[in-house]
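Chemist: Below is the structure I would like to discuss, written out as structure tokens.
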């Protein structure tokens, strides 16, 4: 989420900057990728595919690589940096247009009844899920240990409590 501070000395200019950042692909890519011919060059302009400029092996070698494409602006304006990405933006836009909202959109879980279990599950995740996600432990053994520890911590009780609340919330919406 991007906004303009209420104490900005130049809110109109800030909004113009944000509009440019979100609507102008050339400006967006200047900030995200750097200067054409200096930091990047076209690999295939018709397909909006770019590559590091000159003999640079990667964008990190060009002297400008803030890696901020995902942070601000409209990523759909981003030039592709890998052959496998070409066409991803229109495909993603189509998925977004056809996405269905979750039936539990707006539901908030009240964990008071299972506070102890939630705390135990958090501890289990620190102990078992983090090493598993980081590839530090064997997957099969790690998953077996994680699932057992989650069950022992009360995940089924939390799931049942959440389902009870969801059912009540959905019934109240009708």
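Chemist: Within region 36-50, which residues are in contact with a strand residue (DSSP E or B) (Cβ under 8 Å, 6 or more places away or on another chain) and either exposed (fewer than 10 other Cβ atoms within 10 Å of the Cβ) or in a loop (DSSP other than H, G, I, E, B) (or both)?
Modeler: Matches in region 36-50: 39, 48.
Chemist: Suppose we filter region 1-35 for residues that are in contact (Cβ under 8 Å) with a residue 12 or more places away in the chain and either assigned by TED's automatic domain parsing to the domain that holds residue 77 or surrounded by 12 or more Cβ atoms within 10 Å (Cβ to Cβ) (or both); how many remain?
Modeler: Qualifying residue count for the region: 14.
Chemist: Let me ask you something else. Among the residues of region 69-82, how many are at pLDDT 95 or above and in a helix (DSSP H, G or I)?
Modeler: Residues flagged as at pLDDT 95 or above and in a helix (DSSP H, G or I) within region 69-82 amount to 2.
Chemist: I've got another one for you. At positive phi, in contact with a helix residue (DSSP H, G or I) (Cβ under 8 Å, 6 or more places away or on another chain) and at pLDDT below 95: is that true of residue 63 in this structure?
Modeler: Criteria not met by residue 63.
Chemist: Among residues belonging to region 88-112 that are surrounded by 11 or more Cβ atoms within 10 Å (Cβ to Cβ) and without any contact (Cβ under 8 Å) to a residue 40 or more places away in the chain, point out the one that is nearest to residue 159 (Cα to Cα).
Modeler: My answer is 92.
The values are calculated or read from the model by the stated rules, or taken from the named source; none is laboratory data. Computed from a predicted model, the values in this text were never measured in an experiment. Virtual Cβ from ideal backbone geometry, glycine too; neighbours counted across all protein chains shown.
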